[in-house]
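Below is one structure, written out as structure tokens, with a few remarks after it.
The values are calculated or read from the model by the stated rules, or taken from the named source; none is laboratory data. Note that the structure is predicted; figures quoted are calculated from it, not measured. Using ideal geometry, Cβ is built from the backbone for each residue, glycine included, and neighbour counts are taken over all protein chains shown.
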Amino acid sequence: MSINVFQLLDTVLSENVFKTMGTRYGLTPEFTRKVAGAAAPAIMAAIMNRGATPEGARSLFSTIMSSDTNPLIGKQLPELLASTADLGQLEATGRELLQKATGANVGALADAVAVQTGAPQSMAFSLAGVVGAAIMGILKQHFTASQGFVGQLPTLLGHQLPAVNASLTDHLASAVGLGSAAAFAGSIMGRLKDVSARLDHPQPVVRPVPASVPPQTVAESTPPIAGEKRRHHWLWWLLAALALIVAFFALRSCQHNEVDPQDAAQPATANSIAPGAVAASDAASQADSASAPVTASATAASVAVAAVAASDAVPAPTQDSHLSFTVDKSGMPTITATVGTEAEKTQLIDALTKQFGAGKFTANVNVDAATKPAEWLAHLDGLLPLMALPGAQVKIDGTHVELSGAAADTKAGWLDKLKALFGSGFDIGVFNVQKAVTDATQSFRDAVKGLFAADSSCAGADVAKVLNLQVMNFRTGSSVVPASAADDLRQSARALIACAKRGQPVSLEVAGYSDNVGDKAANLALSKQRALAVRTYLASQGVPLSRLAAQGYGDANPVDSNDTESGRFHNRRIEFVAK
């Protein structure tokens, strides 16, 4: 269940609250509301931006649930405003929370709010802290009350986008490091969906059905003491037990039609009924007529418990289904897919065979029980014509569809066709290298700020995880570090030097990888040259060479399918590995 943060914020920052704050700041309640209304969407946008990477979402969730965040601020705010000292503390705490949660410069935000509204900078600075504390408190109260987890955070943040879009200006977006408002609005949903798929989503725990009321409670129940309120909880358990009894004897009746009664005492085989059902049958046959109903109900409850335990033993699917295909010049497709069941695999292969004929396509379809149902199978008929378009490349992960090659040609119109085919439940777009580099750069710059904090971790694995968010988009055949990666590499060097100054030097291997296009030996050599180039660049920024190794691995260890343009882009990478 999600929430509308802005509606709740209107409740927390009530008319009376604005009157009190206006008095404190020497302004009218209406003007105070205007200033807060300008700050709120920028603050929420900065929070959304931080939550658009796995590391950022985890850090943000940790800050939300920290002891500094007050989930009761909605009730306590009027009291806090009554004291100058308490208000000052609230403002300071809010600004610290915002800085930690978003990495944004609160001073720059206050300056932008002051320019946009005409408010004094000091008043905008104070109100930014109050609004920030209120938003963080609202989020904590929601996650605490719902026992939520970090995997739910990206979806909740995405639901705030309409309200943010309605008020966020370019000036405010720029102040919190988002570029333009349009650029933020155009990319944030895709980034949040992507990070949601990469975070854990624990399944709710199913509680076993409690055992029925013990026999003596029913047989020896006595009238209630005069004046004592009669309790009826047992009645519901009795009704549940009776329902289980009916199901139990119905199952037993079916078994008698197939199994000789003398076989009931024999050991269970692979074709026998479940052990829990055998135990129930034995218990029921041994019970006398007086105790049979209660014993049967208890046994039936045990069967239910066993069934629940069995279901708990099988983990719920957690990974998205996958389909990717590329079509050669002759129109013959090569398909790679991962689905959750043999039935889904059969459905896909049968559809391909019917469309293209046996032996006229190449398909590598894996079945993995940890894979969620393939929703795209319902739209397969509409995809099959695209699988015959020479040069077409498509990748589907869960509900995310990405077109490249001939499939992305605007003249062919496949983007609009697939949007109409799949509907609003799917995110459909065209792969764009520049956008991929820009998004990765933003994710890295958000995350690397955390490495400079006094309490940041200098563990090799933690540092490598952040450094691996950056993308170095080398030109084809080149090992010259691209200009677009220079700033990020300088930040990487600063982070490594900062760890060394704290007495926690980090040793890394710079690993170069390629896609599988071209000569294998040439790719291996080029991947090593690129790794050496990155190592040399970091050393030029002050990182000791002794702390850096470089190695090339060619097209080994791909992180994505080489069937599509985006997959090859992801596989051509520099990867930092802690040593």
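Here are a few things to note about the model shown:
- Selection status of residue 506, within 17 Å of residue 466 (Cα to Cα), part of a strand (DSSP E or B) and touching a helix residue (DSSP H, G or I) at 6+ places or on another chain (Cβ under 7 Å): no
- Only one entry of 382, 331 meets the criterion of being in a helix (DSSP H, G or I) and closer than 24 Å to residue 415 by Cβ, and that entry is 382.
- Against the test of being within 30 Å of residue 337 (Cβ to Cβ) and assigned by TED's automatic domain parsing to the domain that holds residue 451, the options 544, 558 yield a single qualifying residue, 558.
- Any chance residue 343 is loosely packed, with under 15 Cβ neighbours inside 10 Å, part of a helix (DSSP H, G or I) and within 26 Å of the chain's Cα centre (by Cα): no
- Tally of residues being outside any helix (DSSP H, G or I) and either of a type in the set (Ser, Thr, Tyr) or not assigned by TED's automatic domain parsing to the domain that holds residue 36 (or both) across region 76-103: 1
- Among the residues of region 414-472, those identified as among the aromatic types (Phe, Trp, Tyr) and either touching a Ser or Thr at 6+ places or on another chain (Cβ under 9 Å) or surrounded by fewer than 19 Cβ atoms within 10 Å (Cβ to Cβ) (or both) are 422, 426, 431, 444, 452.
- When region 9-47 is limited to residues that are crowded, with 17+ Cβ neighbours inside 10 Å and either outside the structural domain of residue 72 (by TED's automatic domain parsing) or hydroxyl-bearing (Ser, Thr, Tyr) (or both), the one that is modelled with the lowest pLDDT turns out to be 25.
- Residue list for region 523-579, restricted to those being in a loop (DSSP other than H, G, I, E, B), within 34 Å of the chain's Cα centre (by Cα) and small (Gly, Ala, Ser): 554, 556, 561
- Among residues of region 166-199 being outside any helix (DSSP H, G or I) and in contact with a Ser or Thr (Cβ under 8 Å, 6 or more places away or on another chain), the one that is surrounded by the most Cβ atoms within 10 Å (Cβ to Cβ) is 176.
- Of the residues examined, residue 534 is one that is under 19 Å from residue 470 (Cα atoms) and out of contact with any helix residue (DSSP H, G or I) (no Cβ under 6 Å at 6 or more places or on another chain).
- Test: residue in region 75-83 that is under 22 Å from residue 108 (Cα atoms), surrounded by fewer than 24 Cβ atoms within 10 Å (Cβ to Cβ) and among the small types (Gly, Ala, Ser): no
- In the condition set (1) assigned by TED's automatic domain parsing to the domain that holds residue 486; (2) among the basic types (Lys, Arg); (3) more than 30 Å from residue 501 (Cβ to Cβ), residue 449 is compliant with all but (3).
- Which numbered condition residue 126 misses (of (1) over 27 Å from residue 54 (Cβ atoms); (2) not in a helix (DSSP H, G or I)): (2)
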